[in-house]
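Everything below concerns the one structure shown next.
The values are calculated or read from the model by the stated rules, or taken from the named source; none is laboratory data. Because the structure is a prediction, the values reported are computed rather than measured. Note that we place each Cβ from the backbone using ideal geometry, even for glycine, and neighbour counts take in every protein chain shown. Protein only, heavy atoms only, side chains kept; ligands, DNA and RNA dropped before computing areas. Shrake-Rupley method; radii C 1.70, N 1.55, O 1.52, S 1.80 Å.
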Amino acid sequence: MPAESCTVALSRLLALNWGFILLASLGLLVAAQDGMALPWPPMLATLATLALGNMLAALWTRRASNVSPWVLAVALALDCTALGVLLFFSGGANNPLVTLYLLPLVYAALTLPRRQAWWLAVLAVADYTFLMDFFIPLPGSHSDPALAFRLHTVGMWATFCGAAALMVGLIGKMTAELRARDRALRDFREKQLRDEQWVALGTLAASAAHELGTPLSTLAVLIGEWRRAPLDNPDLHEDLDLMHTQVDACKAALNRLASEAGVARAASRQAADAYMAQLLRQWRTLRPDVAVRYQPDPAAAPQLALDAGVTAALLNLLNNAADASPQEVDIHTNWSGEAFCLTIRNRGPGLSPSLLAAAGTPGAPSSKGGMGLGVALAHATFERLGGEVRLRNRAGGGVEATVILPWPKENAS
């Protein structure tokens, strides 16, 4: 068991000991009110010693950086010994409270390695065996069978209450913690699997970028020659100019990929409105056929520094919206709060519930209007930066994608 877990287990054991001391004190108080002539001095001294040891152990636990399993085993052994002393002066194995020995054994089985748990079990069995022959009988238990039966019944009730509290309270809590840990491990494995898929995808993208360099250079040369050649149709000049612009945009994207691969660079500070203007200019160069309505936040634009991957992720979302409805794309920004928010609305056919549920995962199916790999890349980028992408179908048709990206305090002014 890890030292950190043993430290937590010891702290819980000390809390349980305080409960046992309180219940034992109340039991002795009830016995005193009933006039039972118990050997009070040794029993009270045992409870006082257990309380003092509990306080010292609590102080030591606060200062100790870690606790070994043997320390926890010794603490449980001392509890068994204290229980044995109390039972020795109150009927020994004939006292129904002797079954309380099971409680430290259950706790040991849950928190200790098997070696220490078996060591504690041997100690408990030895104590039980000793108390079968060596003990001080309860006063009046031999001469008054009715009193003996009443004490036995009350003792069984107290033992059941203690066992029920331990089972439902402590074991239930530990089980819930184990389930939470299992969920955390499952989420971590899923995230690790997604990261491996993105690494593989990045390798393929780098390979494709390397292979596309030569064809794009060839196209740029051919387009340049055609632009310089005399053409009868003036519309061809516009088409060639557009082709030249698109090829330059592709080459610029490949150059950015080559220059930024494997290099972690700090983003330069830029006003939010200036960043959005630059982003939209770059996107309109790639998609000049799309009608765009942009509504920026009227508040003063803060200075921010966004990760280099944010631009690529936003371009993916914009391209998906343009694929779904090139006739109109609405863009709204909000930077007044603690996060940079960008909302993109299209008027396409929308997404089915299955596509909405699968959006953001590598290899998810794409609809006719996109929302495939681009959305998955956007999800991965913004999740890595502490943000998120929310997708929903609009009431009037189309999809609304909302990007929420909190920025550090030092990046906003």
**OP:** Hey, can you tell me all the residues within segment 56-74 that are in a helix (DSSP H, G or I), touching a residue at least 60 places away in the same chain (Cβ under 8 Å) and open to solvent by 20 Å² or more (accessible area, probe 1.4 Å)?
**Re:** P69, V71
**OP:** For residues that are on the phi > 0 side of the Ramachandran plot and within 29 Å of the chain's Cα centre (by Cα), scanning just segment 310-363, find the one that is modelled with the lowest pLDDT.
**Re:** G363
Original post:
Which residue, of G91, G84, is within 22 Å of L138 (Cα to Cα), at pLDDT below 90 and either surrounded by fewer than 16 Cβ atoms within 10 Å (Cβ to Cβ) or of a type outside the set (A, V, I, L, M, F, W, C) (or both)?
Top reply: G91
Original post:
Given the conditions (1) surrounded by 15 or more Cβ atoms within 10 Å (Cβ to Cβ); (2) modelled with pLDDT under 90, which single one is not true for L14?
Top reply: (2)
**OP:** Just one of (1) within 46 Å of the chain's Cα centre (by Cα); (2) closer than 19 Å to I136 by Cβ trips up L28, so point out which.
**Re:** (1)
**OP:** Considering each residue of segment 26-37, count those that are assigned to a helix (DSSP H, G or I) and either touching a residue at least 40 places away in the same chain (Cβ under 8 Å) or surrounded by 14 or more Cβ atoms within 10 Å (Cβ to Cβ) (or both), and give that number.
**Re:** 3
Original post:
Within segment 379-397, which residues are assigned to a loop (DSSP other than H, G, I, E, B) and either on the phi > 0 side of the Ramachandran plot or not aliphatic (A, V, I, L, M) (or both)?
Top reply: G386, G387, R394, G396, G397
**OP:** Sort out which residues of segment 294-337 are in contact with a strand residue (DSSP E or B) (Cβ under 6 Å, 6 or more places away or on another chain) and assigned to a loop (DSSP other than H, G, I, E, B), and write them in order of number.
**Re:** P296, D297, A301, S325
**OP:** Sort out which residues of segment 94-112 are crowded, with 20+ Cβ neighbours inside 10 Å, in a helix (DSSP H, G or I), out of contact with any Pro (no Cβ under 9 Å at 6 or more places or on another chain) and in contact (Cβ under 8 Å) with a residue 60 or more places away in the chain, and write them in order of number.
**Re:** L97, L100, L103, Y107
